[in-house]
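In what follows, a structure is listed as structure tokens, so that the remarks can point back to it.
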Amino acid sequence: MSDAVAADLAMEAGELSDQGRYAEAARTMAEAVARYRALATSEPDLYLPFLALTLHNLSLYLAECGRADEAVESATEAVTLYRALAESEPGTYLPQLADGLVVQADRLGDADDAALDVLAEAAAIYRAVVDAGPVEYGPRLALALYRQARFHALRAEDDEAADVLAEIVGVFRALVGSGSRAFRDELASALYWRATYLEKVPQPSDALEVVEEAVGRYRELVEEADARADRIGLADSLRLRAGVASVYYDRAGDALNDITQAAGLWRRLAEDEPGSIDFQANLGAALHVRAERLNDLGRHQEALAAVTEAVTVYRALPEDELSGHETSLELSERLRIRLLSAYN
């Protein structure tokens, strides 16, 4: 049996996956797995690494096809093989074991508590190797940690999620010195997400400081390149800072300034992409919050104008999309009626 045939099958599966043809990719990769499995029985030192890699990729394609149980089996077998390989050649295979563990955790899913232990092992491996290649392994450590943070967040363990995000912030802060703009984006994003979890804890004393750094970093990025993703990040961070300033620090004026800027960013994004439901909905939400802050400051006519625009924005959403925003529309309509009744 030729290893060239197995390699060709694995390559073909990758090409099918790139085209979104996951069912065909899974069938083709399964054939590659079978061939490498047969080859590994006679020459394990040579072919077990290829078998592990094809099993790893097969699990990805099976997951895309909705074949969850089979995806878990493939990912688990790949991890078992990489674990054995790492015992004899840790320098080569420990990072691949960690990659396999992250995929295994994804296949197990957020509902399986075992996934958290798997992610913890992956993160521990990445921490052990990151000094040898920070640019290569730092982002992979962050990915495993993001999975852990999501796991905690889904269980309302906001303190734990915030602690994990603190480590992610540290990872990207260390990488920013490499000069890559991508790491600056990642640092700003990690700061934003850490602040979102800090805001939810009983004493969110650090949330304002963290989100202020996120705002500052996103603002720098927007001023440099005005990239769409950074405008979204800046708008989200301004909205979060407005909420923290208003709710926890009674700084209505600062909150109004931030939410006004956020509304301006969402308006521009919505104008640039008029078909984006998310941008329209975020504009509506920012206008509603702006109306609340204006009302807090006694600027009632401006508040009425802002919430009236929010209602208009929500009502302009396509009918098949409006159902997801009915609660927001109802809240804006109630605020508008209340303002009309009180001040007209």
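The values are calculated or read from the model by the stated rules, or taken from the named source; none is laboratory data. Since the model is a prediction, treat every value here as computed from it, not as a measurement. Glycine also receives a Cβ, built like all others from the backbone with ideal geometry; neighbour counts cover every protein chain displayed.
Within segment 75-82, is even one residue of a type in the set (F, W, Y), without any contact (Cβ under 8 Å) to a residue 60 or more places away in the chain, surrounded by 23 or more Cβ atoms within 10 Å (Cβ to Cβ) and part of a helix (DSSP H, G or I)? Taking every residue of segment 75-82 in turn, at least one turns out to be of a type in the set (F, W, Y), without any contact (Cβ under 8 Å) to a residue 60 or more places away in the chain, surrounded by 23 or more Cβ atoms within 10 Å (Cβ to Cβ) and part of a helix (DSSP H, G or I).
Being modelled with pLDDT of 90 or more and farther than 23 Å from W193 by Cβ holds for only one residue in L304, L269, and it is L304.
Scanning segment 105-136 for residues that are at pLDDT 95 or above and of a type outside the set (A, V, I, L, M) yields E121, Y126, R127. Pick from segment 204-240 the residues that are under 20 Å from the mean Cα position of the chain (by Cα) and among the small types (G, A, S): which of them is nearest to R290 (Cα to Cα)? That would be A235. Of a type in the set (K, R), part of a helix (DSSP H, G or I), surrounded by 21 or more Cβ atoms within 10 Å (Cβ to Cβ) and modelled with pLDDT of 95 or more, is that true of R140? The answer is yes for R140. Look at R27 and say whether it is in a helix (DSSP H, G or I) and surrounded by fewer than 20 Cβ atoms within 10 Å (Cβ to Cβ). For R27, the condition - in a helix (DSSP H, G or I) and surrounded by fewer than 20 Cβ atoms within 10 Å (Cβ to Cβ) - is met.
Of the residues in segment 58-65, not one is outside the structural domain of E31 (by TED's automatic domain parsing) and touching an Asp or Glu at 6+ places or on another chain (Cβ under 9 Å). All of V210, V201 fail the test of being among the β-branched types (V, I, T) and touching an Asp or Glu at 6+ places or on another chain (Cβ under 8 Å), apart from V201.
May I ask you to list pairs of residues, at least six apart or on different chains, whose Cβ atoms are under 7 Å apart, with the first in segment 161-181 being under 21 Å from L198 (Cβ atoms) and the second being surrounded by 14 or more Cβ atoms within 10 Å (Cβ to Cβ) and among the polar types (S, T, N, Q)? Close Cβ pairs satisfying both conditions: V164/Q148.
Within segment 307-328, the only residue that satisfies the criterion of being free of Cβ contacts under 8 Å to residues at least 24 places away in the same chain and surrounded by 18 or more Cβ atoms within 10 Å (Cβ to Cβ) is E309. The condition of being crowded, with 18+ Cβ neighbours inside 10 Å and not basic (K, R) holds for V129.
Each residue in segment 146-188 was checked for being surrounded by fewer than 23 Cβ atoms within 10 Å (Cβ to Cβ), among the polar types (S, T, N, Q) and assigned to a helix (DSSP H, G or I), and 1 pass.
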